[in-house]
Each structure stands twice: as C-alpha cells, then as structure tokens.
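> One structure coming up, written as structure tokens, with questions to follow.
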Amino acid sequence: MLDLTGKNALVTGIANNRSIAWGIAQQLHQAGANLGITYLPDEKGRNESKVQKLVEPLSPSLYLPCNVQDQAQVDATFGEIKKQWGRVDILIHCLAFANRDDLGGDFSAVKQENFNLALDVSAYSLVQMSAAAKPLMTEGGSIVTLTYLGGARVVPNYNVMGIAKAALEMNVRYLAAEMGPQNVRVNGISAGPIRTLASSAVGGILDMIHHVEEIAPLKRTVTQTEVGNTAAFLCSDLSTGITGQILYVDSGYSIMGM
Ligand code: 0WE
C-alpha cells in the first residue's frame with residue numbers, strides 16, 4: 001500500500017489550484033504525509049495569502065517563503081525544517097522560470113543574463129535545495145522534480161527552458177549517484193502539457209493540448225492528480241528500487257514517431 005504516514009515532505013512551486021505542485025501536495029497529504037509548503041514571496045504579500053488559503057485544508061505544519069534566487073531564504077527554510085521537524089524525507093521541486101520573451105522566436109536570440117536566469121531558477125535550484133536537504137535526510141529520502149519533453153527533444157518555442165530542463169535532468173542523475181549511498185533517491189517526472197498558470201502564459205498551449213489529444217496513445221492529456229499520484233509513488237516504499245530516472249507521465253505521447 002502507498003503509505004506516507006510519518007514522512008515529512010517539503011513541497012515547492014504551488015502558485016494556485018492549477019499548479020502541478022498542488023496536485024502533488026494533495027496526493028502526498030492523502031497518503032498521510034506531514035507537509036511543509038514554500039511559496040514565492042512578493043512585495044504585497046498577495047501570493048503568501050493566496051497560497052496559504054489554498055493549502056489550509058492540507059494543514060501544513062510549515063509554511064515558509066522561499067525564493068531560490070536568494071540563498072539566505074533557502075538556508076532559512078531548511079533551518080526551520082531542522083528546528084521543527086528534525087528531519088526531512090521528501091523534497092518536491094516544482095520550480096522554473098524563463099523570461100517570457102525567451103519562450104518563443106529564435107532560440108539563439110537569448111541573452112547571456114536571461115540564459116543564466118533560466119538555468120539558475122529552473123536547474124541550479126534543484127542542486128541548491130538538494131544540498132540543503134541532504135544533511136536532514138537522515139533516514140533516507142526521495143527527491144522529485146518536474147521536467148518536460150522539451151528538455152530531451154526540440155519542442156517549438158520552449159527554447160531556453162529546454163536547455164534548463166536538459167540540465168535539470170542531468171542534475172537528477174548526478175544527484176542520484178551522489179545520494180544513493182545515503183538511501184536518498186532522486187527522480188524526475190516528465191509531465192505532458194497541462195493548463196497551469198505557467199503554461200497558460202505561453203501562447204499556443206491549447207493547440208499543443210489538442211495535438212496531444214490527437215497523437216498520444218491515451219488520446220487525452222494528463223491531470224495534476226495523475227502527476228501527483230506518480231510523485232506519491234516515487235516518494236513511497238513502492239518505488240525503493242527506482243532512482244536517477246525520468247518517468248514520463250504524458251499519456252504515452254513521447255513514444256510516438258509520427
Ligand atoms: O516548463 C514549462 C513552463 C515554464 C515557464 C513558463 C513561463 C511562463 C511565464 C517558465 N517561465 C515562464 N515565464 C513566464 O514569464 N512548461 C512545461 C509549460 C510549457 O511552457 C512552454 C511550453 C509548455 C508545454 C513554452 C513554450 C512551448 C511549450
């Protein structure tokens with residue numbers, strides 16, 4: 001049985017009720033995990049209150065601001081975890097950012113600063129958070145991140161995010177090799193396109209979804225709940241032999257050649 005009772009799980013990347021991270025948090029909660037939630041702080045504190053209201057039914061025991069571009073916030077997050085929980089078992093990484101201008105047009109037009117920004121927030125942040133979690137994963141653990149097909153194949157307009165996801169997927173493998181001896185497993189879920197705040201900000205997401213509905217073996221897109229269930233599996237004792245892998249939760253879309 002899928003049972004996460006007694007497990008402490010930190011979930012990053014919830015922006016609203018369409019977030020894949022929200023689907024994951026709900027399934028971890030249903031499996032009995034004790035949740036910590038981080039949110040991206042903004043000046044007016046609007047995101048803080050919006051996400052807090054959303055996650056209230058999951059009664060998280062920790063609710064913390066964490067902008068990964070500020071190392072001090074990451075250190076403070078794991079300092080709180082050490083103080084309040086003593087140990088962390090599960091880290092869910094659902095963070096990405098590229099400038100909107102770089103998610104379309106010529107890939108080669110990306111500026112150095114914007115390339116670095118995308119790689120920093122979307123790929124380095126997994127290394128940064130895993131390093132902070134590592135000394136607190138004293139009874140083994142599971143780290144799960146979200147990736148996308150555009151990190152392995154060319155998807156029109158995904159551009160610099162594709163390079164960031166390629167780096168993220170390689171981070172998964174190197175982190176899995178490093179942390180395996182400590183019984184910490186590191187895996188990625190490559191989700192098919194889903195309507196979220198991030199994807200809806202990108203032009204043409206509905207056309208991509210219709211394309212998947214036509215081509216994918218299951219003739220439909222995937223849901224946040226399906227990604228959440230796969231994440232719960234990867235965090236549970238049902239997957240103790242799996243590490244360093246990218247699992248495609250994409251209705252089978254990625255197997256097709258035509
Ligand atoms: O990884 C993603 C989205 C990542 C993303 C989205 C945004 C929009 C708003 C990163 N940064 C930003 N920055 C913003 O200002 N996906 C897998 C969803 C997605 O994004 C695409 C896709 C798909 C699918 C972009 C182009 C083409 C396809």
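Values quoted throughout were computed directly from the atomic coordinates according to the rules given, and no laboratory measurement underlies them. Treat the numbers as computed from the prediction; the structure is a model and nothing was measured. FYI the Cβ positions are ideal-geometry reconstructions off the backbone, even for glycines, and counts take in every protein chain you see.
> Would you check if L91 is within 21 Å of the chain's Cα centre (by Cα) and within 13 Å of the ligand (Cβ to nearest atom)?
It is false that L91 is within 21 Å of the chain's Cα centre (by Cα) and within 13 Å of the ligand (Cβ to nearest atom).
> Just one of the numbered conditions (1) over 30 Å from A31 (Cα atoms); (2) more than 14 Å from the chain's Cα centre (by Cα) is not true of Y253; which one?
(1)
> Let me ask you something else. May I ask you to verify whether T12 is of a type in the set (S, T, N, Q), closer than 18 Å to N229 by Cα and in contact (Cβ under 8 Å) with a residue 60 or more places away in the chain?
yes
> Here is a further query. Mind counting the residues in the stretch 164-184 that are in contact with a helix residue (DSSP H, G or I) (Cβ under 9 Å, 6 or more places away or on another chain) and more than 12 Å from the ligand (Cβ to nearest atom)?
Total satisfying the criteria: 12.
> Another question, then. Considering (1) over 19 Å from Q224 (Cα atoms); (2) in contact with a Gly (Cβ under 7 Å, 6 or more places away or on another chain); (3) not polar (S, T, N, Q), say which one K44 fails and leave the rest.
So the condition that K44 fails would be (2).
> For A123, indicate whether it is closer than 25 Å to G228 by Cβ, within 12 Å of the ligand (Cβ to nearest atom) and part of a helix (DSSP H, G or I).
yes
> Now a separate question. In the stretch 185-235, what count of residues is obtained for those that are in contact (Cβ under 8 Å) with a residue 40 or more places away in the chain, buried (at least 17 other Cβ atoms within 10 Å of the Cβ), within 16 Å of the ligand (Cβ to nearest atom) and of a type in the set (S, T, N, Q)?
Total meeting the criteria: 4.
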